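K.L.:
First, the structure itself, so that you have it in front of you.
The values are calculated or read from the model by the stated rules, or taken from the named source; none is laboratory data. All figures in this text were calculated on a predicted structure; none of them were measured in a lab. Cβ coordinates were reconstructed from backbone atoms using ideal geometry, including for glycine residues, and neighbour counts include every protein chain displayed. Remember, those area values only see protein heavy atoms, side chains included, never the ligands or the DNA or RNA. Shrake-Rupley method; radii C 1.70, N 1.55, O 1.52, S 1.80 Å.
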Amino acid sequence: MKAPTPLPPDTPPDYPRLARRSHQQGTVMLNVPVTVDGAASEVNIAQSSGSDALDDAARQAVRRWRFIPAKRGGEPVAGWVRVPVVFRLEG
């Protein structure tokens, strides 16, 4: 079975203002079950960034993303994918 693939996001995660002000950075690892239609049916934190604000922003953004569904024998099937969301301050 081929795993689902995220399409380029229309909605990148917003960097929470308070997290930016307090220089919080990190990577949120999300487990995302994907339907045969390419929608995220859930978004669960597999590994926290250490910041509730960054974790919540990542979950909210990925909930709106679309995915290429998993395939088995060329047919779309439900599956899941792990999605990293990176928050880095530049400069």
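K.L.:
Filter the stretch 1-13 down to the residues that are outside any loop (DSSP other than H, G, I, E, B) and of a type outside the set (S, T, N, Q), then identify the one that is most open to solvent (accessible area, probe 1.4 Å).
P.N.:
Here is the first cut: in the stretch 1-13, the residues outside any loop (DSSP other than H, G, I, E, B) are 2, 5-6.
This time we only want the ones that are of a type outside the set (S, T, N, Q), so: 2, 6.
On the way: Lys2: 138, Pro6: 52 Å².
Checking each candidate, the answer is Lys2.
K.L.:
Any residue in the stretch 69-79 that is more than 24 Å from Met1 (Cβ to Cβ) and either under 16 Å from the mean Cα position of the chain (by Cα) or surrounded by 14 or more Cβ atoms within 10 Å (Cβ to Cβ) (or both)?
P.N.:
There is no residue in the stretch 69-79 that is more than 24 Å from Met1 (Cβ to Cβ) and either under 16 Å from the mean Cα position of the chain (by Cα) or surrounded by 14 or more Cβ atoms within 10 Å (Cβ to Cβ) (or both).
K.L.:
Next question, about the same structure. Just to be sure before I move on: is Trp65 open to solvent by 90 Å² or more (accessible area, probe 1.4 Å), touching a Pro at 6+ places or on another chain (Cβ under 6 Å) and on the phi < 0 side of the Ramachandran plot in the structure I sent?
P.N.:
Details: open to solvent by 90 Å² or more (accessible area, probe 1.4 Å): no; touching a Pro at 6+ places or on another chain (Cβ under 6 Å): yes; on the phi < 0 side of the Ramachandran plot: yes.
In short, no.
K.L.:
For the stretch 39-54, which residues satisfy the criterion of being surrounded by fewer than 20 Cβ atoms within 10 Å (Cβ to Cβ), closer than 14 Å to Thr27 by Cα and not polar (S, T, N, Q)?
P.N.:
Ile45, Ala46, Gly50, Asp52, Ala53
K.L.:
For the stretch 14-38, name all the residues that are open to solvent by less than 50 Å² (accessible area, probe 1.4 Å), farther than 27 Å from Lys71 by Cβ and not in a strand (DSSP E or B).
P.N.:
Tyr15, Pro16, Ala19
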